[in-house]
Amino acid sequence: MVSKAASDVSPGTAPPDSGAPPESAPPESAPPESGAPSAPTGPSDAPPVPDAGKYVSPTVAGAAKILVVGPLGVGKTTLIGTVSEIKPLFTEAVMTQAGARVDTAVSGTKTTTTVALDFGRITLDGDLVLYLFGTPGQQRFLPAWRDLAKGALGALALIDTRDLEASFDALGNLEDLGLPFAVAANVFPGSPQHPEDQLRAALDLLPDTPLVACDARDLSSSVRALIALVRHLIHVATESR
Ligand SMILES: Nc1nc2c(ncn2[C@@H]2O[C@H](COP(=O)(O)OP(=O)(O)OP(=O)(O)O)[C@@H](O)[C@H]2O)c(=O)[nH]1
Ligand SMILES: [Mg+2]
């Protein structure tokens with residue numbers, strides 16, 4: 001149960017800062033590990049500690065590596081920047097005419113794309129740290145994605161209901177990798193609202209795969225999507241025992 005409203009979480013200490021180097025290296029005290037995390041009930045409510053947001057809280061008991069995947073321009077980098085409690089690492093490069101020949105068209109305001117990974121961190125409920133790894137959106141970066149997936153416990157797959165087909169590659173990759181995932185429909189202006197059963201059918205989702213709506217620019221909405229994923233991972237881990 002969510003005992004603390006996602007909206008209660010205080011935003012990360014560092015705002016998204018595209019292209020800037022990370023303030024600190026990925027934390028060493030709690031490397032990504034496999035196994036079922038304990039149930040999160042919401043974002044961190046641990047008391048503030050010096051440098052909170054930079055160092056992992058001493059109350060943290062577990063950690064999980066999570067991929068954030070989805071097609072080009074669906075909002076992966078945005079979501080990681082929104083939720084990260086540390087200054088996120090982004091690897092944005094300017095989109096060029098060369099890419100225009102092979103990439104799907106994206107909004108006119110988008111001029112950069114992730115070319116390696118995004119990295120961020122969020123503590124849920126004071127005791128579970130998620131290390132978030134955003135993948136590039138283009139299928140031609142699949143080899144990089146496979147490397148990023150090593151040691152991951154699961155994935156949050158962002159979709160755009162204006163172009164469901166664009167999500168098929170990412171969802172197929174997760175199935176090929178055998179990585180459990182939750183789907184979050186990132187809502188854009190003009191996004192069609194499909195009934196859930198139709199959306200599930202169109203995406204060929206398993207009945208227990210979570211499907212939630214989110215706004216990648218909104219903290220509580222994005223955290224709710226991550227909580228849905230972690231609950232699913234716990235369910236999958238408990239079922240397989
Ligand atoms: N309206 C709206 N715009 C969004 C939302 N999420 C992201 N955007 C915008 O959509 C654009 C693409 O977002 P990115 O976060 O770069 O997408 P991405 O999935 O990381 O893209 P690639 O790395 O190129 O695959 C940005 O201009 C965001 O401001 C959303 O929830 N709603
Ligand atoms: Mg990106």
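Computed quantities for the displayed model
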{"item": "Peptide ranges 168-174, 231-237, 67-73, 139-145 listed from the most packed, as the mean C-beta count within 10 angstrom indicates", "result": "67-73, 168-174, 231-237, 139-145"}
{"item": "Lys150, Lys54 arranged by Cβ crowding within 10 Å, fewest neighbours leading", "result": "Lys150, Lys54"}
{"item": "Relative contact order computed over the range 58-239 (Cα-Cα under 8 Å; 6+ residues apart), in percent", "result": "25"}
{"item": "The range 58-239 - Rg and Dmax from Cα coordinates, angstrom", "result": "15.5, 49"}
{"item": "Length gained when the stretch Asp204-Phe188 is fully extended (0.36 nm per residue, less Cα-Cα span)", "result": "3.6 nm"}
{"item": "Environment charge of Arg162, counting only residues whose C-beta is closer than 15 Å and scoring Lys/Arg +1, Asp/Glu -1", "result": "-3"}
{"item": "Size of charge dipole - the range 58-239 - debye, nearest 20, with Cβ of Lys, Arg +1 and Asp, Glu -1, no other charges", "result": "500"}
{"item": "For Asp176, net neighbour charge (Lys/Arg +1, Asp/Glu -1) across residues whose Cβ lies under 11 Å away", "result": "-1"}
{"item": "Proxy reagent accessibility, fewest Cβ within 10 Å first, across Ser222, Ser57, Ser167", "result": "Ser57, Ser167, Ser222"}
{"item": "Whole-Hz ³J(HN,Hα) from phi, Karplus 6.51 cos²θ - 1.76 cosθ + 1.60, for the range 190-203, glycine and proline x", "result": "x, 5, x, 9, 8, x, 4, 5, 5, 5, 4, 5, 5, 8"}
{"item": "Cα-based reach from Lys76 at 20 Å (exclusive), listing lysines while leaving out same-chain residues under 8 positions away", "result": "Lys65, Lys87, Lys110, Lys150"}
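Any read-out appearing in this document is the output of simple, stated calculations on the displayed coordinates, not a laboratory observation. Values in this document were obtained by computation on a predicted structure and should not be read as measured data. Cβ coordinates were reconstructed from backbone atoms using ideal geometry, including for glycine residues, and neighbour counts include every protein chain displayed.
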